[in-house]
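Asks: Here it is, the structure, as structure tokens.
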Amino acid sequence: MLLAAGRGERMRPLTDATPKPLLTVRGRPLMVWCLQRMVEGGLKQVVINTAWLGEQIPAALGSTGPADLAGGPMQLHYSQEGRDFGGALETAGGIVRALPWLDQVFWVAAGDVFAPDFHFDPEAPARLAASDCLAHLWLVPNPPHNPKGDFGLSDQGLALNLPAAHPGPRYTFSTIALYKQALFEPPWCDIPRGNPHGIKAALAPLLRRAMDQGLVSASLYTGAWTDVGTPQRLSELNQG
């Protein structure tokens, strides 16, 4: 699943007329960089959720992805939250909405993150399926805009829900992760499968509850990574 439903408030005025995942980075729409890495990892079917200016995304990508997608075509499905509910459902709400399309273990990445070196390992879903964990996150060294990080990482490879005052190192969640559908079912999530009523829900509370039970593993990714959250970061990428 590729997340592409956000408003992109901090990117205004650029996002007043264009959804943030379609903003151009080094000659390609930002979200196409992720789709390229997905298809290189063997992913041929991807669900994309949309909301703000959401009609522009299927118009740009169609049902099989852009023509210049090396290794394509893909089969793209659209979860149109804006059309169906009038706005984005937040991350967990959007994922639950898309569950009927997704495998028992599935990838999620954000369409507004630039990670051109990330490898969607075809063997990673089987490793998670064989474990007791409900999710596997990829963490990154903290960028300047998130100096305190999000989660810790144990020597055993578990993501840790550390309090802000904890002295141990914390890392930033890259947004790239593998999940089991079970994380989005009771007792972790009470939203009915398919989210028929369009309930909005954040992802972090689910992850933190699962981390507290030792059910979220993690790896550190040190390749190129940018959360393209401001016009300045977009400009810096295009100048690089």
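The values are calculated or read from the model by the stated rules, or taken from the named source; none is laboratory data. None of the values given here were measured: they were computed from a predicted structure. Don't worry about glycine lacking a Cβ; one is built from the backbone with ideal geometry, like all the others, and counts go over all protein chains shown.
Asks: Pull out all pairs, ordered by first then second residue, where Cβ-Cβ is under 9 Å, the residues are six or more apart or on different chains, the first lies in region 215-240 and is under 12 Å from THR24 (Cα atoms), and the second is hydroxyl-bearing (Ser, Thr, Tyr) and assigned to a loop (DSSP other than H, G, I, E, B).
Replies: none
Asks: Take the residues in region 159-185 that are out of contact with any strand residue (DSSP E or B) (no Cβ under 8 Å at 6 or more places or on another chain) and modelled with pLDDT of 95 or more; name whichever of them is farthest from ASP121 (Cα to Cα).
Replies: GLU185
Here is a yes/no grid of residues against (1) at pLDDT 95 or above; (2) closer than 18 Å to LEU207 by Cα; (3) among the aromatic types (Phe, Trp, Tyr):
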| residue | (1), (2), (3) |
| --- | --- |
| PRO73 | no, no, no |
| TYR78 | yes, no, yes |
| ARG127 | yes, no, no |
| CYS133 | yes, yes, no |
| PRO144 | no, no, no |
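Asks: Any residue in region 154-165 that's of a type in the set (Gly, Ala, Ser): show its pairings with residues that are part of a loop (DSSP other than H, G, I, E, B) at Cβ separation under 7 Å, as long as the two are six or more apart or on different chains.
Replies: Matching pairs, first to second residue: ALA164/LYS148.
Asks: Among the residues of region 19-46 satisfying the criterion of being in contact with a helix residue (DSSP H, G or I) (Cβ under 7 Å, 6 or more places away or on another chain) and of a type outside the set (A, V, I, L, M, F, W, C), which is surrounded by the fewest Cβ atoms within 10 Å (Cβ to Cβ)?
Replies: ARG26
Asks: If the requirement is being touching a Leu at 6+ places or on another chain (Cβ under 8 Å), among the aliphatic types (A, V, I, L, M) and part of a strand (DSSP E or B), which of these qualifies: LEU206, LEU178?
Replies: Exactly one residue qualifies, and that residue is LEU178.
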